[in-house]
Each structure stands twice: as C-alpha cells, then as structure tokens.
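Engineer: Sharing a structure below in structure tokens format, with a few things to ask.
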Amino acid sequence: MSYAETALDQLEKGQLEAFKKQYALSLRHDDDDTLFSLGEELYSLGFLNQSRRIYEKLLKKYPDEDELRTNLADIAIDEDKNDEALDYLNQVKPDSPAYVESLMVAADLYQTQELFEVSEQKLLTAKKLAPDEPVITFALAELYFTMREFRKAIPLYLDLITAGTTEMSRVNLVERLGVAYANAGRFEQAIGYLKQIHPGDMTPDVKFETAFTYLQLKERPTAIRLFEELKDSDAHYTSLYPYLGQALEAENRLPEALKALQEGLGVDQYNEKLWLQAAHVATRLDDEALAEKYLTHGHQLDSDDLSAVIQLSNLYVKQERWQENVDLVQPYVKSDDADPQLYWNLAISAEHQEDFAAARKYYDAAQPFFMDQADFLKPAIYFYREEGASDQVIKLLHAYLQVVPDDDEMALLLEGYED
C-alpha cells in the first residue's frame, strides 16, 4: 500500500495526526502519478492546502503540464484568490491540451464575479472547440439558468437528456428543464417534466415551481395542495403565500385566502404586496375596517407604491371621507404622470366639498382616460352641465351613448343640447 493510500485510509478513520504523517511521507516517497491522484482526492474532500502543495511540487517538475495549472487555478478560486487563478489560467495557451479545461475554469471564475457575459464567451469558445463534451453543455446551460436566460438554457438541457444524461454534478436535469420551461412561460412543457419528479425528491424550490406552473395552467386545486404542502414543510418559504392566496381567491375560498395571506404576513411582515393583497381579499369579504388597516400598513411600508394609494383612496371615496382622500392623494398628483384614478377620486372629493374649480381641474385631467367608462362619464356629464360647459357635455354624452346606447334619459339629454 502506498503512503497516499495509507494517508487516505487514516483520513477516512478521522485520524488527522496519522494522516498528516502519511501525507508528508507520500510527498517525499510516492511516485508522481500516485501523488497526482492523491491531490485530486484531497481536493474533492476539501483539503485545499494539501492538494495545492502536491500540484505545486508536480508543476516544478513538469512545467509543461497545464492541467496542473488549471487545478491550481480551481483551488485559488475556492480560496477567493482570483488574481492568482487568472495568473495560472493565462499561462495556458490555445495549443495546450488543457486549454478547453482552462476556459471552463475561467468561466467559473468570471461567474463567481458575476461577469456573466465574459463567462458565456469562455464557455462558447470551449463548446466550439469541443462541441460534443457534455460537461461544457451542462456548464453553459447552468450559466444561462443562473442568468435567467431560460430560453437559451432549455435546448442545452434537452440535448443532455436526449443523449441519456439525466443527472450531472448532482443536478437533476429533468428538474432543471421543467423549471426552465416554467420560467420561460411554457407551462404545458414544464409540467410534463415536473410531473416526472418523485414528490420525495422535490426540493422546496422545485415544489414551488411545480405549484406555480399548475396555477398558471388554472389547475388550481393541485396548485393549492402543493403550495400547502410546501407551507407545512417550510413555513418560512415566503414566496408561496401570495400565490396560495391568489389560488384560493380564484376558487372563491375567500376566508381561506385571507388566512393564508395573514400567515404569510406572520413570516414576512415587511412585504407591502402581501398587505395589499390581504386588503383586497378583506374588501371582498366586506371587512372595510380590516382592509383599511392593511392598506394603511402597506402604504407606510412603501409610500411610493401607488397601488396602495389608489386602493386606500377608493376606500375613502366609497366611505365619503372627502378630506382624508384629498390629504392622501394630493401629494401624488403634482407630477404630470400621476395615475388617472387619483384625478377621478380628487374630482369626486372636490365636487362634494363644493370646491368646483378644483373639481373641474381634476375632471379635465381624468377625462381622457375614462371616455369608455359609464360610471365616470355619467357623473361627469352632470358636473359639466352644472358648470355650463355645453361642449364638454355634448362630447361626453356621445361617448357615454357609445358605451350605453339604450339609456333613453341620456339620449334625450343629448337631443336637447343638439336641437
């Protein structure tokens, strides 16, 4: 038995002192092939220092063996010594047998630095040089997956699976392909692959993607079941709650939807979207006090989120809380790109407060956006009639009768103006 084999045996037994002794003897006495194999084994076990010493010793003896440089570059990357890694890789020339491997290692380095385009170019060069090498295809697919370039990743995963490779580097490629299809919006194809995964083998992320895919396919009972299973196994998987609430609401299971969203708020209280979603469901349950509480909280978390402002403003208008609506909304209509719903709500509030100049201003601002909505047009017609704005009344009456052609009262009113 070689010193290297004895060293690994001692390491397996947890005898670290004995391992160190045998490792030192291996460095001095074992042949070079045995040492190289020991370096690979130790690297795979995470003993970077010991592996590096072996490769450095061999590189001094064999300066033309570029595989040793790529191995040393790998170790340097693991140790966050990026400049050292690049130095090793730059020494590997295009005519070297290790050049493709050096491109792979360089791609890994640039990916850790989030220089994804540089990493992509390295891998594309490697694939051009070795088009049939599955490790390169896998690395490129994984890079695109990380970059969320799912449409580029899909054919690469498909090539590997078609060739009979369903797992690589402990990655389930069927799983990856299903998730990639789901994220690319190709839900029918996604579910075909995701259904092949045994439930016990699903990671939380894959279970989430599977549930999400069923939701997009409107197979809501299955989506609800999977989201609830994920919640039971990992209540802190916060991404599930909005979609579970959405699925339950779509099934008209409103109390359950509200409960799910409240559970989500219990683990993610700083998610303003959850507060607004819960407020929406509370509104559908006619619990306006709870809806206002949730909307106010969501608005406080993110005062720039106009959806919270609009929903809260709509509630104030419904409850005829005119001044509260004005106080809430006015700061958001000072810019030219304010949401037109806010103009409409301010117009109603100002009209009821008998501030007719302000009401006219906001009706004018809202009008271009709601010429096809009868519930805006009809009160606006009466407002402009009171203002004596005949041209506006006629224009709005024509628009209104396009939407509600059988409203005899409005038709007679228009006739009166046009006679």
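Engineer: Place +1 on the Cβ of every Lys and Arg and -1 on the Cβ of every Asp and Glu in region 27-156, take the dipole about the Cα centre, and give the residue among Leu115, Pro94, Ser37 whose Cα lies farthest towards its positive end.
Structural biologist: Result: Leu115, furthest along the dipole toward the positive end.
Engineer: Can you find, among Leu215, Gly245, Ser169, the residue sitting farthest towards the positive end of the charge dipole of the chain, where Lys and Arg contribute +1 and Asp and Glu -1 at Cβ?
Structural biologist: Most positive-ward Cα: Ser169.
Engineer: Net charge near Trp275, counting Lys/Arg +1 and Asp/Glu -1 over other residues with Cβ under 12 Å of its Cβ?
Structural biologist: -3
Engineer: Would you work out if region 130-212 is rounded, prolate or oblate? Take a ≥ b ≥ c from the square roots of the eigenvalues of the alpha-carbon gyration tensor; rounded if a/c is under 1.5, else prolate when a/b is larger than b/c, oblate otherwise.
Structural biologist: Prolate, since a/c reaches 1.5 and a/b exceeds b/c.
Engineer: Straight-line reach only, C-alpha to C-alpha below 21 angstrom: list the lysines that Lys61 could link to, leaving out same-chain residues fewer than 8 apart.
Structural biologist: Lys93
Engineer: Additional query: For region 164-176, what does the Karplus curve 6.51 cos²θ - 1.76 cosθ + 1.60, with θ = phi - 60°, yield as ³J(HN,Hα) per residue in whole Hz, taken in order and with x for Gly and Pro?
Structural biologist: Working through the residues one at a time gives x, 9, 10, 8, 8, 6, 6, 9, 7, 6, 5, 4, 4 Hz.
Engineer: Right, here's the next one. May I ask you to list the residues of region 115-138 whose amide nitrogen lies under 18 Å from a point 7 Å from Cα along the Cα→beta-carbon direction of Asn82?
Structural biologist: Output list for this probe position: 115-123.
Engineer: Looking only at Cα atoms, what is the convex hull volume of region 276-356 per residue, in Å³?
Structural biologist: Measuring per residue, one finds 84 Å³ for the Cα hull of region 276-356.
Engineer: Give me the aspartates and glutamates in straight-line cross-link reach of Lys318: C-alpha distance below 20 Å, same-chain residues under 8 apart excluded.
Structural biologist: Those aspartates and glutamates meeting the cut-off are Asp286, Asp287, Glu288, Glu292, Asp327, Asp339, Glu351, Glu354, Asp355, Asp375.
Engineer: Same structure, new question: Pick from Lys293, Lys128, Lys61: which is most flexible by mean-square fluctuation in a GNM of the chain where alpha carbon atoms under 10 Å apart are linked?
Structural biologist: Lys61
Engineer: Is there a quick way to get the dipole size of the chain? I mean about its Cα centre, with the Cβ of Lys and Arg at +1 and of Asp and Glu at -1; what is the value in debye to the nearest 20?
Structural biologist: Approximately 1100 debye in magnitude.
Engineer: Using the Karplus equation 6.51 cos²θ - 1.76 cosθ + 1.60 (θ = phi - 60°), what ³J(HN,Hα) coupling, rounded to whole Hz, does each residue of region 230-237 give in order, writing x for Gly and Pro?
Structural biologist: Whole-Hz 3J(HN,Hα) from phi for region 230-237: 5, 4, 5, 8, 8, 5, 8, 7.
Engineer: How big is the gap, in Å, between the Cα center of region 77-114 and the Cα center of region 307-357?
Structural biologist: 60 Å
Engineer: What Kirkwood hydrodynamic radius, in Å, does region 60-179 give when the mean of 1/r is taken over all pairs of distinct Cα atoms and then inverted?
Structural biologist: Result for region 60-179, one decimal place: 14.9 Å.
Engineer: Within region 161-285, what is the number of lysine pairs with alpha carbons under 21 Å apart, leaving out pairs fewer than eight places apart on the same chain?
Structural biologist: 9
Engineer: If you don't mind, another one. Tell me the carbon and sulfur percent of the accessible area for region 20-166, rounded to whole percent, probe radius 1.4 Å.
Structural biologist: Answer for region 20-166: carbon and sulfur cover 48 percent of the accessible area.
Engineer: Size of region 274-419 along its principal axes in angstrom, Cα-based, largest extent first?
Structural biologist: If we take the Cα atoms of region 274-419, the spans are 55, 31, 25 Å.
Engineer: Counting heavy atoms of the protein chains only and a 1.4 Å probe, report the per residue accessible area for region 134-246 as a whole number of Å².
Structural biologist: For region 134-246, the solvent-accessible area averages 48 Å² per residue.
Engineer: Ranked from highest to lowest mean number of other Cβ atoms within 10 Å per residue, what is the order of the peptides 389-397, 119-127?
Structural biologist: For the peptides 389-397, 119-127, the packing ranking is 119-127, 389-397.
Engineer: Probe radius 1.4 Å, ligands and nucleic acids left out: which of Ser51, Ser233 has the largest accessible area, and how do the rest follow?
Structural biologist: Ser233, Ser51
Engineer: Taking 0.36 nm per intervening residue step and subtracting the Cα-Cα distance, what contour gain separates Asp9 from Ala24 on full extension?
Structural biologist: Gain on stretching Asp9 to Ala24: 4.0 nm.
Engineer: Taking the chain as a Gaussian network, where each spring joins two C-alpha atoms under 10 Å apart, which residue of Asp302, Asp205, Asp83 fluctuates the most?
Structural biologist: Residue with maximal mean-square fluctuation among Asp302, Asp205, Asp83: Asp83.
Engineer: Hey, got the dipole for region 145-255? About the Cα centre, +1 on K and R Cβ, -1 on D and E Cβ, debye to the nearest 20?
Structural biologist: 260 debye
Engineer: Cα axis of helix 374-387 to longest principal axis of the chain: angle in degrees, 0 to 90, nearest 10?
Structural biologist: The answer is roughly 40 degrees.
Engineer: Can you bin region 99-169 into rounded, prolate or oblate? Criterion: square roots of the alpha carbon gyration tensor eigenvalues sorted a ≥ b ≥ c, rounded for a/c under 1.5, prolate for a/b above b/c, oblate for the rest.
Structural biologist: It is oblate, given that a/c is not under 1.5 and a/b is not larger than b/c.
Engineer: Give me the aspartates and glutamates in straight-line cross-link reach of Lys127: C-alpha distance below 16 Å, same-chain residues under 8 apart excluded.
Structural biologist: Those aspartates and glutamates meeting the cut-off are Asp95, Glu101, Asp108, Glu117, Glu142, Asp159.
Engineer: If you roll a 1.4 angstrom probe over the protein chains with everything in place, what fraction of the accessible area of region 310-380 belongs to carbon and sulfur, to the nearest %?
Structural biologist: Result for region 310-380: 48 percent of the exposed heavy-atom area is carbon or sulfur.
Engineer: By how many nm would the segment from Ile394 to Asp355 grow when fully extended, if each residue of separation counts as 0.36 nm and the alpha-carbon distance is taken off?
Structural biologist: Between Ile394 and Asp355, full extension yields an extra 11.7 nm.
Engineer: From the cross-link list Lys57/Lys122; Lys81/Lys128; Lys334/Lys361, which pairs have alpha carbons spaced over 18 Å apart?
Structural biologist: Result: Lys57/Lys122; Lys81/Lys128 exceed 18 Å.
Engineer: In addition: From the backbone phi of region 209-217, what are the Karplus-calculated ³J(HN,Hα) couplings (6.51 cos²θ - 1.76 cosθ + 1.60, θ = phi - 60°) in whole Hz, Gly and Pro given as x?
Structural biologist: 4, 5, 4, 4, 5, 4, 5, 5, 7
Engineer: Here is a follow-up. Please list the three semi-axes, largest first and in whole Å, of the ellipsoid equivalent to region 1-64, using sqrt of 5 times the eigenvalues of its alpha carbon gyration tensor.
Structural biologist: Its equivalent ellipsoid spans semi-axes of 19, 12, 9 Å.
Engineer: Let me ask you something else. Kindly provide the helix-only [θ] at 222 nm of the chain, computed as the sum of -39,500 (n - 2.57) over DSSP H runs of four or more divided by all residues, to the nearest 500 deg cm²/dmol?
Structural biologist: The per-residue figure over the chain is -23000 deg cm²/dmol.
Engineer: Let me ask something else. Using a/c under 1.5 as the rounded threshold, could you call region 228-299 rounded, prolate or oblate? The axes a ≥ b ≥ c are square roots of the C-alpha gyration tensor eigenvalues, and prolate needs a/b larger than b/c, oblate otherwise.
Structural biologist: Oblate is the answer for region 228-299, as a/c is 1.5 or above yet b/c matches or exceeds a/b.
Engineer: Give me, ordered by chain and number, the residues 5 or more places off Met168 or on other chains with an amide H under 5 Å from its own placed amide H.
Structural biologist: Result for Met168 returns Leu173.
Engineer: Please compute, over every Cα-Cα pair in the chain, the percentage with a separation greater than 41 angstrom.
Structural biologist: Beyond 41 Å sits 47 percent of the P(r) for the chain.
Engineer: From largest accessible area down, sort Arg225, Arg186, Arg170, Arg148; use a 1.4 Å probe on the protein chains.
Structural biologist: Arg170, Arg148, Arg225, Arg186
The values are calculated or read from the model by the stated rules, or taken from the named source; none is laboratory data. What you are looking at is a predicted structure, and each value in this text was computed from that prediction instead of being measured. Note: ideal-geometry Cβ built from the backbone for every residue, glycine included; neighbour counts use all protein chains shown. These accessible areas exclude ligands, DNA and RNA; they are computed on the full protein's heavy atoms, side chains included. Shrake-Rupley method; radii C 1.70, N 1.55, O 1.52, S 1.80 Å.
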